[in-house]
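Visitor: Structure provided below as structure tokens; questions to follow.
We did not get these values from a lab; they are worked out from the coordinates using the rules stated. What you see is a predicted model; the values in this text were computed from it and never measured. Please note: Cβ atoms are built from the backbone with ideal geometry, for glycine as well, and neighbour counts cover all protein chains shown.
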Amino acid sequence: MADLSSTFVGIKSPNPFWLASAPPTDKEYNVRRAFEAGWGGVVWKTLGAEGPPVVNVNGPRYGAIWGADRRLLGLNNIELITDRPLEVNLREIKSVKRDYPDRALVVSLMVPCEEAAWKAILPLVEETGADGVELNFGCPHGMAERGMGSAVGQVPEYIEMVTRWVKQNSRMPCIVKLTPNITDIRKPAEAAARGGADAVSLINTINSITSVNLDEMCPEPMIDGQGSHGGYCGPAVKPIALNMVAEIARNPETANIPISGIGGVTTWRDAAEFISLGAGNVQVCTAAMTYGFKIVQEMISGLSQWMDEKGYASVDEVVGRAVPKVKDWQDLNLNYVAKASINQDDCIKCGRCFAACEDTSHQAIAMSEDRTFTVKDDECVACNLCVNVCPVEGCITMVPMKPGEVDPRTGEVVKEEYGNWQTHPNNPAVWAAE
Amino acid sequence: MPNSQLTPGIVAGRLPDDSYAENFADLHAPLDAHEAQVAADRCYFCHDAPCVTACPTSIDIPLFIRQIATGTPEAAAKTIFDQNILGGMCARVCPTETLCEQACVREAAEGKPVMIGQLQRYATDRLMEKNRHPYTRAPETGKRVAVVGAGPAGLACAHRLAMHGHDVTVYDARNKPGGLNEYGIAAYKAVDRFAEREVSWLLQIGGIRLETGKALGAGLTLEALREDFDAVFLAIGLAGVNALRAPGEDKAGVEDAVSFIAELRQASDLSALPIGRNVVVIGGGMTAVDAAVQARLLGAQNVTIAYRRGRDRMGASKFEQDLAASRGVRILENVQPKAIHGNGSAVEIELEYTEETPEGLKGTGETFRIPADQVFKAIGQTLEGAPEGLEIAGGKIAVTGAGQTSLPGVWAGGDCASGGDDLTVTAVAEGRDAAEAIHAALGA
């Protein structure tokens, strides 16, 4: 059986599934339940500086969007960092770590952008026996207005500065958690690397308004007739997170920095995808908040079975395996030609492929009197929309044409050789060079 | 000693008093808002959806389900009523398993269609419970149309004509409107006086005058109607019942299934309704199942449906056959009535096995008897009282196009007219389409 044990920036855990710093990791009670359920590690909910803790709203903290059957697809929150006293959290962290020495326990931190504040808290965390710290440079609501969270994460110079303070004032591994609320994720990652971070973790939540209450004319979640933007997470953000992880993994400046992948991880498959794009482990929050801690058992069994089937002996063998195939558009092979193909045995004749193609794409699907749907190869550009709207997985597939065959759409012979935009005759840059 | 299921003969009160309400409760409990949401979420919003094609009234099913899913069931109901003003009743009585739900692509995909009928009921109930009629009349045209028969076809025709601004008078032989909706459908399919409430709601459009207790040959003549009105729509249904043509048919206890159902539907106290201990229903259609199941629900100990052909030929759908079986009705296939025995009252029925031969269905000569103190005939209805001068085809009023009869100015639809399939929903479609044809003709 595949070995799921993980060593991330020197921190060992029996599996690569950690709970992200969030409500599920705010208390000893929850974290003990998580470890009993099988989670490999937790990042304790963000601690603030000593003194009176922050306060949260006393109305709803979460908003959501749903798919069919009210399946939760996206969640947003306006919860702040821990609202419990620092000393209580530290005492509980110490107690949990003592009882679960084989699990990873990392402590998330967010204190003001002053070296003294970091100098003050780091020894207190170190004293608990925790395995490392994660710097919360991500939260987009509440704390950002006070110059912390994403307010730091949006300024690479601050990231570098604070990371350096942490590394200078602590022996603990330091993970820098990045906010996605920026234009180019590579810049903050590079800054973290310059500051000496041992790893980056991403993504934190995305600034969002999930819905508007149309009776009250107010954003949800609604607090006494008002609403605010909050951090968006859950399955809906996974594509954004995957891209950002891949951007860092394939950026030469940051290619070697370990990544803890976060953002909509719901199943073992999501985890495998993050890992293949360069994440050394994954952190989970929304899936646990939706279904409870037990889901980790599916993640463990699923990842393990898949790795066995593929012949991967350890998680490390999977890390970054798909990264070399992540390219810029201009590198894609324009000589590759595929055509959609509908398996008539699987087709349930709903006609969604037809409506999508006829109304919004290339009029490349024919519909007969008896509702047989067939692809018109002379119109099909292989856009994949029919595949994506088909309710039956695997019913429509993209079949590559063989070199030497004639593409009935263009009348041109499919070329064997690779040819991208950079060499394409339509590219103005190519003419300029001539 | 109170009566029980074992009491011989035809007696009332076979069951404890509280059983009747339970037995005759809604066959399908209505969906609540959550169930409707879950069911609506399953619709794929198909292109040129097969369910719409399968619906005789062509209701835009994907659209109304999407309107439910997005929290506007009243708009969904309007989508339904635009095509089928009796969408509430059709949601209850349509054999959806052989119409829209059979065509549903999720039936093909998973053997579990979207619950279209139930969703239609959810939407129409939401609008109707507001007791607000969603249609208004066009300016009055001054044209007058007579509709004979206040069943589904007549009502659908009358509503559409009234909407176009015509003045409509609807006649019905019975003292309540609704036709088979009121008198001819199993009670558990239209509970809480739904048929009656639906007609009241439909009449809210205005411009429709209802005259009950009047029929062709009983206060009305077609000639007079043609003279008094600008157009006539005949929706008189099938008032006659086929005979068994077996000795003993005249014995006490041998009745028409439609009469039994009508009596049951109008009964104010089901425990006072007599039912046999051993009931045999002859026939294989919906009426046979409705009669048989309700006989069981009234407390008959043994109820048998005797059908002359195989189950696959039964007019009753698979769902109805299963419903009968689940209520303890035995279905005997390939048997035909030979004689009813008894001294004045039916005691036994003698049945003969049948087989399909190249020359048609034939008795095998092998017979057997089963106890039968009550026999219901459900072997089809016939046109009765059709006015002279109308061309008849295949036992029904011959029509072409949207219900045009052989007489100018006279249209016909529903069960009495040729074509169609004796379904409520088809009658509604025919009534609606005839109304459009009449409207066009009156405008010319």
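Visitor: Using the Cβ atoms and a cut-off under 15 Å, what net charge is assigned to the surroundings of A:C113, where Lys and Arg are +1 and Asp and Glu are -1?
Guide: Computed value for this residue: -2.
Visitor: Between the range B:57-106 and the range A:282-349, what's the alpha-carbon centroid distance in Å?
Guide: 39
Visitor: If you take every residue apart from B:G276 with its C-beta less than 13 Å away from the C-beta of B:G276, what net charge results, scoring Lys and Arg +1 and Asp and Glu -1?
Guide: Residues near B:G276 contribute +1 overall.
Visitor: Tabulate in residue order the Karplus-calculated ³J(HN,Hα) for the range B:421-437, using 6.51 cos²θ - 1.76 cosθ + 1.60 with θ = phi - 60°, rounded to whole Hz; enter x for Gly and Pro.
Guide: Rounded to whole hertz, the list is 9, 6, 9, 3, 5, 5, 4, 4, 4, 5, x, 4, 5, 5, 4, 5, 5.
Visitor: I would also like to ask the following. Taking the Cβ-Cβ separation of A:K376 and B:D82 as r and a Förster radius of 45 Å, what is the calculated FRET efficiency to the nearest 0.05?
Guide: The computed FRET efficiency comes out at 0.80.
Visitor: State the antiparallel share, in %, of DSSP beta bridges confined to chain B, rounding to the nearest 5.
Guide: Beta bridges within chain B, antiparallel portion: roughly 40 percent.
Visitor: Where a Cα-Cα gap under 27 Å defines reach, which lysines qualify for A:K94, not counting those fewer than 8 residues away within the same chain?
Guide: A:K12, A:K27, A:K45, A:K119, A:K167, A:K177, A:K294
Visitor: Any idea how far apart B:T98 and A:E50 come out in nm if each label point goes 7 Å out from Cα toward Cβ?
Guide: Once both label points are built, they end up 8.3 nm from each other.
Visitor: I'd like the antiparallel share, as a percent to the nearest 5, of DSSP beta bridges with both residues in the range B:138-257.
Guide: The antiparallel fraction comes to roughly 5 percent.
Visitor: Between B:A224 and B:E249, what is the spin-label point distance in nm, taking each point 7 Å from the Cα along the Cα→C-beta axis?
Guide: That separation, rounded to one decimal, is 3.3 nm.
Visitor: Here's a follow-up. If you average 1/r across every pair of different Cα atoms in the range B:358-408 and take the reciprocal, what Kirkwood value do you get, in Å?
Guide: Kirkwood hydrodynamic radius for the range B:358-408: 15.5 Å.
Visitor: Something else about it: At a Förster radius of 45 Å, what calculated FRET efficiency corresponds to the Cβ-Cβ distance of A:N384 and B:E366, to the nearest 0.05?
Guide: 0.10
Visitor: In debye, nearest 20, what is the charge dipole magnitude of the protein assembly as shown about its Cα centre with +1 on Lys and Arg Cβ and -1 on Asp and Glu Cβ, if you could check? Show your work: numbers first, answer last.
Guide: On the way: 80 positive and 112 negative charges, 280 e Å.
In total the dipole reaches around 1340 debye.
Visitor: Can you pull out the chymotrypsin sites (Phe, Trp or Tyr not before Pro) in the range A:272-337 whose DSSP state is coil and whose Cβ has at most 11 other Cβ atoms within 10 Å? List each step's numbers first, then the result.
Guide: Values: sites: A:F274, A:Y291, A:F293, A:W306, A:Y312, A:W329, A:Y336; in loops: A:F293, A:Y312, A:Y336.
Here no chymotrypsin sites (Phe, Trp or Tyr not before Pro) fit, given the DSSP loop and packing criteria.
Visitor: Where the centroid of each part is defined by its Cα atoms, how far is the range A:248-271 from the range B:330-347 in Å?
Guide: One Cα centre to the other: 78 Å.
Visitor: If you don't mind, another one. Which residues' amide hydrogens lie under 5 Å from the amide hydrogen of A:L334, considering only partners 5 or more residues apart or on another chain, with H built in the peptide plane?
Guide: Long-range HN contacts for A:L334: A:G419, A:N420, A:W421.
Visitor: Restricting the count to DSSP beta bridges whose residues both fall in the range A:124-253, what percent are antiparallel, rounded to a multiple of 5? Show your work: numbers first, answer last.
Guide: Working: 7 of 14 bridges.
The antiparallel proportion sits near 50 percent.
Visitor: Let me ask something else about it. How about B:K78: which aspartates and glutamates have a C-alpha closer than 16 Å to its C-alpha, ignoring those fewer than 8 places off in the same chain?
Guide: B:D60, B:D125, B:E129, B:E198
Visitor: Now for a different question. Based on the Cβ-Cβ distance from A:A37 to A:K402, what FRET efficiency comes out when R0 is 45 Å, to the nearest 0.05?
Guide: Between A:A37 and A:K402 the formula returns 0.35.
Visitor: When you look at the Cβ of every residue in A:75-84, what mean number of other chain Cβ atoms sits within 10 Å?
Guide: Counting other chains' Cβ atoms within 10 Å and averaging over A:75-84 gives 0.
Visitor: When the label point is put 7 Å from the Cα of B:E436 along its Cα-to-beta-carbon vector, which residues of the range B:59-75 have a backbone N closer than 15 Å?
Guide: B:59-60
Visitor: On a 32 Å Cα-Cα criterion, which of the cross-link pairs A:K325/A:K376; A:K310/A:K339; B:K189/B:K362; A:K97/A:K238 come out too long?
Guide: Beyond 32 Å: B:K189/B:K362.
Visitor: Mark the label point 7 Å from the Cα of B:A33 along Cα→Cβ and return the residues of the range B:126-154 whose backbone N is within less than 13 Å of it.
Guide: The answer is B:126.
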